[in-house]
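To start, the structure itself, in structure tokens.
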4 protein chains.
Amino acid sequence: MDLLSHYNIKPGFNITRASHVVLGVKDLDLSRRFYVDMLGMVMTAEEGDTIYLRGLEEACHHSIVLKHAPQSSCLRVGMRVQTEDDLDPLKSHFDKAGLPAAWVDVPHQGRTLHATDPVGTQLEFCASMETRPRLVLAFNQFHGASPMRLDHVQIFCPQVVEALQFYLGMGFRLSEYIVSDGTETPRMVFLHRKGNPHDIVFARSPGPRLHHVALTCPESFHLLNVCDMAASCGFGNSVEYGPGRHFGPGYARFVYLRDPDGHRVEFFNSHYQTLDIEDAPIRFTDSDLVAGPNVWGVNRAESWFAEATPFA
Amino acid sequence: MDLLSHYNIKPGFNITRASHVVLGVKDLDLSRRFYVDMLGMVMTAEEGDTIYLRGLEEACHHSIVLKHAPQSSCLRVGMRVQTEDDLDPLKSHFDKAGLPAAWVDVPHQGRTLHATDPVGTQLEFCASMETRPRLVLAFNQFHGASPMRLDHVQIFCPQVVEALQFYLGMGFRLSEYIVSDGTETPRMVFLHRKGNPHDIVFARSPGPRLHHVALTCPESFHLLNVCDMAASCGFGNSVEYGPGRHFGPGYARFVYLRDPDGHRVEFFNSHYQTLDIEDAPIRFTDSDLVAGPNVWGVNRAESWFAEATPFA
Amino acid sequence: MDLLSHYNIKPGFNITRASHVVLGVKDLDLSRRFYVDMLGMVMTAEEGDTIYLRGLEEACHHSIVLKHAPQSSCLRVGMRVQTEDDLDPLKSHFDKAGLPAAWVDVPHQGRTLHATDPVGTQLEFCASMETRPRLVLAFNQFHGASPMRLDHVQIFCPQVVEALQFYLGMGFRLSEYIVSDGTETPRMVFLHRKGNPHDIVFARSPGPRLHHVALTCPESFHLLNVCDMAASCGFGNSVEYGPGRHFGPGYARFVYLRDPDGHRVEFFNSHYQTLDIEDAPIRFTDSDLVAGPNVWGVNRAESWFAEATPFA
Amino acid sequence: MDLLSHYNIKPGFNITRASHVVLGVKDLDLSRRFYVDMLGMVMTAEEGDTIYLRGLEEACHHSIVLKHAPQSSCLRVGMRVQTEDDLDPLKSHFDKAGLPAAWVDVPHQGRTLHATDPVGTQLEFCASMETRPRLVLAFNQFHGASPMRLDHVQIFCPQVVEALQFYLGMGFRLSEYIVSDGTETPRMVFLHRKGNPHDIVFARSPGPRLHHVALTCPESFHLLNVCDMAASCGFGNSVEYGPGRHFGPGYARFVYLRDPDGHRVEFFNSHYQTLDIEDAPIRFTDSDLVAGPNVWGVNRAESWFAEATPFA
């Protein structure tokens, strides 16, 4: 399958990374207790019905935005382009494809493009945000998972191959993919722009839905510590899967938690660099991931396979 | 219940700690790959059908002894007394109670007493062993879980109160116990001599059977690392439960693995000191351990509740 | 030298462990910022000019007591005996030796004996304290070094052999000792009662002075984290030596900090068990500790060798 | 100073990252013991007088190349470009600047350009290498520092501003710089292409010399573990500075070791992402880095400031 050997080394669109998500939550106070008091994210600002959060190393104004909403939902998945000039070709690209794309004003961000990809993911592109001091050395503010930065998002949708084709067309590189045993059609694709293996991941399942947003944390210690903190803060039930190890794409140590609205957050502390022209996409089969004595901890919660956040 | 407030500060028998187990295994080579190559235990000696293992900090000749046997079984749970003179009162004590007790010769150990407690645990007491260098600084030999030393054993038996009474009578202190909701009869008792909460634990279940032997390891890192190592060495299926946190007795971070014969090994990296007269036994109910949002990771494998090693 | 092979397995005095220190500090608010806000100790109570601190796993009311004083000083080194009855033989022992010993009332402690050992260490013995909940599971209160419990103290004095002889006579066991190259007279002795290698250590230097009080912490992570926290809290200069590794007695990973009055606190996260009759004292020479390519990080601050806290 | 606010978001040359170094060593066997047996690097191949090493996550054939040589020296600092076509504009660029640049054959690499920058750094550019399996999941091969990948190099030279200007001209971004107190001329500049803060660093000192090559490692644990491993392997003297924390550029936890030829290797386990247009260069003064109570562990070895590897 040609798409799966695609190299994509001369991207036409200067997207740099997955950068933020906007989530609808039913109880802002409860969500703040989860994200700030427990997980350890930094609250940059609270304005009206919106809370802006960032990780400890992030200079950008926000990587997770929580908006009060009547229903749990994902409002936007945000991506960065290198410069504001890089937004216009993207607008044309979506227009030409007959996909929704419109300029919008978003607080604390530069010029912003709302657009919808072919599988229904509600996207948002901008080149810049207001900045705040990185808190890398503010050790007395570290707690919980000590979340450092947003790394990637995963989307559920039925049309994984269409998603792959569209994102390759926007200059993403395919780092890894999973095929069901006996087939060569990917049921899961891992795409990136920033040089580690994931910026956006698509998995075959009813959708479009946001499966999870992934944040980095410093050490194995923090993967266990965030679980303990969850228990201390009355969020013990939020620990859904892990701590464990991905024996497939990303190879990371991880833990998944569910926020009070069911939005899923992954913490992990290790990804590999994939920048070079010879770094071809890595193929995994279902069997690679779960069978036999060379993997451990593969008894995932049913909810992890089935549940995700619908787009607004 | 009087037993549960027992203080036991003037023991009549100078037992100092749980010290070793003797396990029957069906394939010595496979067991060596599990315990030495994977877990990281040190092989002190191999003699005929017997392998002697110790932890990285242990000066004693062995803390786990593996003997070739047609069936998976536990042959002995070993305990130390302070001096050889402390063995004779123990012999009399078992004799008076009408329990089996006999002097035996055991290689690499001083004078040794085999005895059977009232619930059928096959015990072995001695005051000394041959020594070998502690390998605390032999960092180039550390791998897997970096197991440091044997800490405690847990026994399944139906008669938990009888076990409690007998071990209190031998000078053990009760650190913790669990009662089923709505009752005051302990279904699980945690007893110690060495000043951290566990040397021997009894849990209500058909028996006598050895539920697990627990080894200490240095850090959270090693709890995750031993799982990864298990996968690398083809023992990924051996990871049964965890890494997680005990929200009841001991409060430790832990992981449980099953060896090739099904013998269960726990690794943990944190226990508390319980030495003072005011350290009364801590009471837990079933609900404390598993219910509500103040605990996490409580979905234990069925096998962890049900399976254990019969005594030979 | 006979003292150095001494076994001491039948102690006449039922001392159980080093338990607390009482320190004179010039600025209570500053000390609280250091010990509570930065190091992460728990403040049990503040009463008049006194602050009572304990570690996260400690049920006892206090392990470090800070009293406002015009000069930096050590007021007492505290030890536990098993029961109140065990205090009377100690009183007689000090009386017979012509050493100061007197009953005193100490808040939050049971009957308490003040006594002075032959090298001038101001001691305090008691069997019990008020208790407070162990905070082992209060993860949302963990920060800094996450200090778990007091482990041992080190005393500077010129008469190390006299100290050794006296403490052996009180039932302490010698775990380790250091001799200068070419001699057999110990210049440093490591004594314990609780079964890990140190409760009280004596080192040859002008004294009596308190060299340090040592607290346990969970992981290597915390040894580095407490340094980072020190910097965040304006106490970066307090990091005196380490993080590093002791290649002699104790073998521990450690870091030493100086509090605002110059009192030295050690954090470490690994000691070995030494309970068995065959665990003979381990002999180190100066050369073992510092020379050659088999040690690292041995460039200690001059202050670490020379400075210590005088007794009041 | 204009250079210091330079954004450089439309690079003319598609360099992607610092990728490898070639070092002259006097004793290949000794170097292998240091890099492979102790540090934990993977030996991809040994061919004649050359050893090829890579990190555990690296798919590229080599990131450190050791060549037998009569003198300790640095032969090349290697960088990657995106495609082979990206090499030709670089050749022209060096030619136009009157700087040495020549095509060479290098085993296991694609078409390779040797070139010398204006301060004398011996560079090597290529677009591809042979690949080998990433060993991310080969946990039974992890030891020492568990080095994951090469991250950056630091060069000593007198002409830091010239270096800055030249590398900005090749499309590097300036992430951080240090000025001496009271001046605005940078004495140290930190440049990157890959989106974390460092690919190549220039510091004012006689040169050109290679100050260090930096490798990533997973956790704080490994920073202490590699020191312990050094001691176990007879390389304890190789630990030069740390483990500690950089309170300036990079903010990383680190430790520096010297290999048997004096080549300096840094391990660190945390850098921040710097990809966005609003991420302006961060200015540090000497005082920021070393003075006052908000930093710790700043007593660096004299050798760390003065010594470095000359280019061949």
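Here are the numbers for this structure:
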item	result
Under the Karplus curve 6.51 cos²θ - 1.76 cosθ + 1.60, θ = phi - 60°, whole-Hz ³J(HN,Hα) for the stretch D:51-64, x wherever Gly or Pro sits	10, 9, 10, 9, x, 5, 9, 7, 8, 5, 4, 7, 10, 10
Taking B:THR216, D:THR116 and counting other C-beta atoms within 10 Å, the order from fewest to most	D:THR116, B:THR216
Relative contact order for the stretch B:92-219, counting Cα pairs under 8 Å that sit 6 or more residues apart, in percent	25 percent
Copy-to-copy label separations for D:LEU3, where each label sits 7 Å from Cα toward Cβ, in nm and ascending	4.8, 6.6, 8.1
Beta bridge orientation in the stretch D:15-130: antiparallel %, DSSP, nearest 5	75 percent
Considering only the stretch C:142-310, percent of DSSP beta bridges that pair antiparallel, nearest 5	70 percent
Normalised contact order of chain A, rounded percent, pairs of Cα under 8 Å and 6 or more residues apart	20 percent
Environment charge at C:LEU39 (Cβ cut-off 11 Å; Lys +1, Arg +1, Asp -1, Glu -1)	0
Computed helical MRE - 222 nm, the protein assembly as shown, DSSP H runs ≥ 4 contributing -39500 (n - 2.57), nearest 500	-4000 deg cm²/dmol
Nearest-20 debye value, chain D charge dipole, Cβ charges on Lys, Arg, Asp, Glu	80 debye
Label 7 Å beyond Cα on the Cβ vector: D:ASP181 copy-to-copy distances, nm	4.1, 6.6, 6.9
For A:ASP105, C:ASP85, order by how many other beta-carbon atoms lie within 10 Å, fewest first	A:ASP105, C:ASP85
Number of partner chain Cβ atoms within 10 Å, mean per residue of C:136-144	6
Cα-only radius of gyration and Dmax that characterise the stretch D:88-174, units Å	16.8, 50
Coordinate range along principal axes, alpha carbons of the protein assembly as shown, Å, largest first	93, 65, 62
Antiparallel %, DSSP beta bridges [both residues in the stretch C:120-240], to 5	75 percent
Selection from D:GLY40, D:ALA127, D:VAL104, by position along the positive dipole direction of the stretch D:15-130 (Cβ)	D:GLY40
Those lysines that a straight Cα-Cα span of less than 24 Å connects to A:LYS26, excepting residues fewer than 8 apart in one chain	A:LYS67
Estimated distance in nm for a label pair at B:GLU307 and D:ASN294, the labels positioned 7 Å out from Cα along Cα-to-Cβ	5.7 nm
In Hz, Karplus ³J(HN,Hα) per residue of the stretch C:305-312 (6.51, -1.76, 1.60; θ = phi - 60°; x = Gly, Pro)	7, 9, 9, 6, 9, x, 6, 5
Net charge contributed by nearby residues that have their C-beta within less than 15 Å of D:HIS68 (K/R +1, D/E -1)	-3
Total formal charge among the other residues, if their Cβ is under 15 angstrom from that of B:PHE284, Lys/Arg +1 and Asp/Glu -1	0
The stretch B:160-312: relative contact order in percent, alpha carbon pairs under 8 Å with at least 6 residues between	26 percent
Spatial separation of Cα centroids for the stretch D:232-292 and the stretch A:184-199, in angstrom	32 Å
Shielding by partners, peptide C:117-126 (average Cβ within 10 angstrom, other chains)	0
Computed Kirkwood radius, in angstrom, where 1/r is averaged over Cα pairs of the stretch A:15-131	14.8 Å
Shielding score for B:88-101, defined as the mean number of other chain Cβ atoms within 10 Å	0
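Laboratory data are not the source of any read-out in this text; all were calculated from the coordinates shown. Only a predicted model underlies this, so the values are computations on that prediction, with no experimental measurement involved. Here the Cβ is made from the backbone with ideal geometry for all residues, glycine too, and neighbour counts use every protein chain on show.
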